[in-house]
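The values are calculated or read from the model by the stated rules, or taken from the named source; none is laboratory data. Since the structure is predicted, the reported quantities are computational estimates derived from the model, not experimental observations. Glycine also receives a Cβ, built like all others from the backbone with ideal geometry; neighbour counts cover every protein chain displayed.
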Amino acid sequence: MKLTVAAIQMESRNGDYHGNRKRAGELIDLAVKKEARLIVLPELALAGYIYTDEIWKQAETLPGRTSQWLGERCAQHDVYIGTSIPESDGVDFYNTFILCGPGGQRWTHRKIEPAGFEAFFFRGAGPNPCVFETPIGKVGVVICFDASKTYSLRCLARNRPDILLNIYSCIMMPNFTARKYQQNWMDVYRLAPQKFAQHLNVPVVACNKTGDFLSPLPMGFGITYRARFIDRTSIVDRSGALLSEIDGGSGVALAKLEMGTAREAEDVEVPSGRWFLPVSHFTRFASGIIQKMGMIRYASSGKRRKAASEVFGRD
């Protein structure tokens, strides 16, 4: 079976939900004109990405405004569209991927672990379904830094998707980190689609944001994180060969993919330990420490509980 897939790379501005939705809508329309049947937006494409409690103001329930909007676009164009949202269940906030279909269908996957500073604002869901049975095939999903972990590869191997969607809000490392660690971070990001394709024997769609990233650091005593998103979006085939890419700026990467049956789980080589991708030891250590600090703050935050309940009551 062949499927035309579009990966959208876009600018996502903090606190500008309706502007982000307009920008996404224009790119979705472009993908539809190019006859895409499956369209993928970056992680938190409409909500923006910031390391402050402001991200909670963009949270919504399921169903909510984004799933409704996506569902309407899917029904209008007979397509499938996916992205992630900051979701509130009334108690916690999750980074949740939603895939909507033209018949009112909706499939969801919550990010397994919050990455680094995200742990101050989101709860990791732990293992949860990562492959959806849909009319266009078995669709797998991995959200951003989860891609670096063996638990993601193991989940995908067990459930054998026909295609993998890997969505990101991946930013460059700040300039005060050593250049070799910055380069490793970039190399790992670019390597991920190929590694998943070759391990699983399925095509992979990886999409990210473009533009500047600017945010205070949690408990950073006034320090501001200034960087750019790694604005590269790519689609690779089952062998890992590049079929389409965007290397800078907004746009739509498009490819007609040969959907394939993933390898049997026992034939997928899963590395021992926690890490699937060759992330530097410095990044592993630093992200782990930050994550633990964030989880402690998140768990003890009365403001978080109040904000989560307010979102649930509002929606």
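Just one of the numbered conditions (1) more than 17 Å from Ala119 (Cβ to Cβ); (2) not in a loop (DSSP other than H, G, I, E, B) is not true of Ala45: (2). When every residue of region 49-69 is checked against the conditions, none turns out to be in contact with a Pro (Cβ under 7 Å, 6 or more places away or on another chain), at positive phi, touching a residue at least 60 places away in the same chain (Cβ under 8 Å) and assigned to a loop (DSSP other than H, G, I, E, B). Which of (1) under 24 Å from Glu87 (Cβ atoms); (2) in a helix (DSSP H, G or I) does Met10 not meet, given it meets every other one? Among (1) under 24 Å from Glu87 (Cβ atoms); (2) in a helix (DSSP H, G or I), the lone unmet condition for Met10 is (2). Looking across region 264-293, the residues that are under 17 Å from Tyr151 (Cα atoms) and in a loop (DSSP other than H, G, I, E, B) come down to Glu264, Val268, Glu269, Val270, Pro271, Ser272, Gly273, Arg274, Phe276, Leu277, Pro278, Val279.
So, in region 120-167, exactly how many residues are basic (Lys, Arg) and out of contact with any Phe, Trp or Tyr (no Cβ under 8 Å at 6 or more places or on another chain)? Looking only at that region, the number is 3. Being part of a helix (DSSP H, G or I), in contact with a helix residue (DSSP H, G or I) (Cβ under 8 Å, 6 or more places away or on another chain) and closer than 20 Å to Ile136 by Cβ is the filter here, so list the residues in region 13-42 that pass it. If the condition is that a residue be part of a helix (DSSP H, G or I), in contact with a helix residue (DSSP H, G or I) (Cβ under 8 Å, 6 or more places away or on another chain) and closer than 20 Å to Ile136 by Cβ, then Ile28, Val32 are the ones that fit. Look at (1) in contact with an Asp or Glu (Cβ under 8 Å, 6 or more places away or on another chain); (2) surrounded by 23 or more Cβ atoms within 10 Å (Cβ to Cβ); (3) more than 29 Å from Gly294 (Cα to Cα) and you find that Ser84 fails only one, number (3).
I'm trying to understand the selection: among the residues of region 98-149, which are within 18 Å of Ala75 (Cβ to Cβ), in contact (Cβ under 8 Å) with a residue 40 or more places away in the chain and surrounded by fewer than 22 Cβ atoms within 10 Å (Cβ to Cβ)? If the condition is that a residue be within 18 Å of Ala75 (Cβ to Cβ), in contact (Cβ under 8 Å) with a residue 40 or more places away in the chain and surrounded by fewer than 22 Cβ atoms within 10 Å (Cβ to Cβ), then Arg106, Thr134, Ile136 are the ones that fit.
Applying the criterion of being small (Gly, Ala, Ser) and at pLDDT below 95 to the residues of region 240-271, the residue that is farthest from Val131 (Cα to Cα) is Gly248. Scanning region 196-242 for residues that are of a type in the set (Lys, Arg) and surrounded by 18 or more Cβ atoms within 10 Å (Cβ to Cβ) gives Lys209, Arg232, Arg238.
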